[in-house]
Amino acid sequence: MADREADIDDLFVEAPCPETAADWLVRGQHDRILANGETLRQHLAAAPLAATTFERPASHGVTARTVHQELRAVRVTLPAPRRPDRTLPAVEITALLASEPAPPPGEAPVRMSISFFSAWRAAR
């Protein structure tokens, strides 16, 4: 499990651990370009929609409130990035976008992009 600083291609390639069936969970930072030329966020915007509601506690100057989020998930293949010293494979991930479309006036929306990295590579 890692935050946005771990949203790097080299980690995704090294993530598969078939001997332990370990998966990775990374909070996304980049809007990646997919093999078909779309961005990951464009692909997520067209994904089926689910919804959730939860109570956000007060913390560090943020008021407690009810949050209503839309959830979208897709399974995509990230194309292999170019590296001068080696060839990296494409990696298949499941991406989840949790966004708040209508936050209360004066409140920032609660939004998170998460990628789940499977324990196997898409291109072999």
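The values are calculated or read from the model by the stated rules, or taken from the named source; none is laboratory data. Because the structure is a prediction, the values reported are computed rather than measured. No Cβ is skipped: glycine too gets one built from the backbone with ideal geometry, and neighbour counts run over all protein chains shown.
Can H30 be described as part of a loop (DSSP other than H, G, I, E, B) and either modelled with pLDDT of 85 or more or under 18 Å from the mean Cα position of the chain (by Cα) (or both)? It is true that H30 is part of a loop (DSSP other than H, G, I, E, B) and either modelled with pLDDT of 85 or more or under 18 Å from the mean Cα position of the chain (by Cα) (or both).
For beta carbons closer than 8 Å, sequence separation of 6+ or different chains, a first residue in segment 66-91 that is under 19 Å from G37 (Cα atoms) and without any contact (Cβ under 8 Å) to a residue 40 or more places away in the chain and a second that is of a type in the set (S, T, Y) and surrounded by fewer than 16 Cβ atoms within 10 Å (Cβ to Cβ), the qualifying pairs are A73/T94; V74/T94; R75/T94. Scanning segment 62-80 for residues that are touching a Leu at 6+ places or on another chain (Cβ under 8 Å) and buried (at least 17 other Cβ atoms within 10 Å of the Cβ) turns up R72, V74, V76, L78, P79, A80.
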